[in-house]
Amino acid sequence: MSEILGICGSARKTGNTAVLLNEVLESTGLERELVFLSDLNINFCSGCLSCRKNKGQCPNNDDMQVLLDKFLSAKAIVLGSPNYYYCISGLMKNMIDRSIAWCYLGIGEYTGTEWHGWMPLTGRSISFVISQAAYGCEAALEPLKCFSEWTGSKHVGTVIASIGSRSVTDFPEYLEEARQLGKKISVAVQMKVDKLGK
């Protein structure tokens with residue numbers, strides 16, 4: 001499994017979100033993997049709360065278990081999404097909605113409240129990448145921040161690229177921001193390794 005996991009909420013594999021995510025991942029110098037949510041079979045959350053009653057087991061038999069294994073094996077995670085109508089993509093939001101089941105697996109730090117359960121990604125670094133035409137990123141970032149808080153992951157940094165209808169490759173400053181974020185993630189991962197080694 002990879003040390004750093006990138007999750008792309010855009011179905012465009014050579015689009016702006018994917019380009020930025022690749023820049024971040026490659027700049028870490030760590031073993032990496034980029035997953036496109038559009039390649040996975042992830043059903044919608046029905047809100048049945050079966051996961052809460054059955055120790056995190058969701059009645060949907062799909063690729064969320066595969067994704068969970070990748071999240072748990074990674075030391076750092078980067079979530080990337082385009083900004084659609086001042087929000088993350090439906091692909092990303094759907095994944096976040098379904099991740100609620102992970103909070104009832106008994107993994108990570110216990111929150112002290114039954115309805116919240118555990119924070120399954122405690123100790124992992126998380127970063128965000130947003131590509132957008134012009135503005136609205138503040139609202140789009142909210143569900144990503146909520147995911148970080150709910151899962152117990154530690155936010156390292158965010159790259160926001162406002163590029164109109166052009167390609168992000170026309171904006172070297174955004175590519176450099178992505179590379180700098182990758183370096184910050186690498187430092188955060190190494191600090192965590194050093195701390196555990198003491």
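Some notes on this structure:
- For region 97-125, the set of residues classified as farther than 16 Å from Gln65 by Cβ, of a type in the set (A, V, I, L, M, F, W, C) and not in a loop (DSSP other than H, G, I, E, B) consists of Trp118, Met119, listed by residue number.
- Test: residue in region 76-95 that is farther than 28 Å from Val168 by Cβ and within 19 Å of the chain's Cα centre (by Cα): no
- When residues in region 115-166 are screened for being out of contact with any helix residue (DSSP H, G or I) (no Cβ under 8 Å at 6 or more places or on another chain), surrounded by fewer than 16 Cβ atoms within 10 Å (Cβ to Cβ) and more than 25 Å from Ala188 (Cβ to Cβ), 7 of them pass.
- Residue in region 18-30 that is under 16 Å from Ser186 (Cα atoms) and assigned to a loop (DSSP other than H, G, I, E, B) present: yes
- Here region 43-99 is the region considered, the condition is being in contact with an Asp or Glu (Cβ under 6 Å, 6 or more places away or on another chain) and either farther than 21 Å from Ala178 by Cβ or free of Cβ contacts under 8 Å to residues at least 60 places away in the same chain (or both), and the residue that is surrounded by the most Cβ atoms within 10 Å (Cβ to Cβ) is Cys45.
- Per the conditions (1) closer than 22 Å to Met64 by Cβ; (2) not in a strand (DSSP E or B), the sole criterion not satisfied by Glu173 is (1).
Taken together, the values in this text are just the output of simple stated rules run on the coordinates, not laboratory data. Remember, it's a predicted structure, so these values are computed and weren't measured experimentally. All Cβ positions, glycine included, derive from the backbone under ideal geometry; neighbour counts span all protein chains shown.
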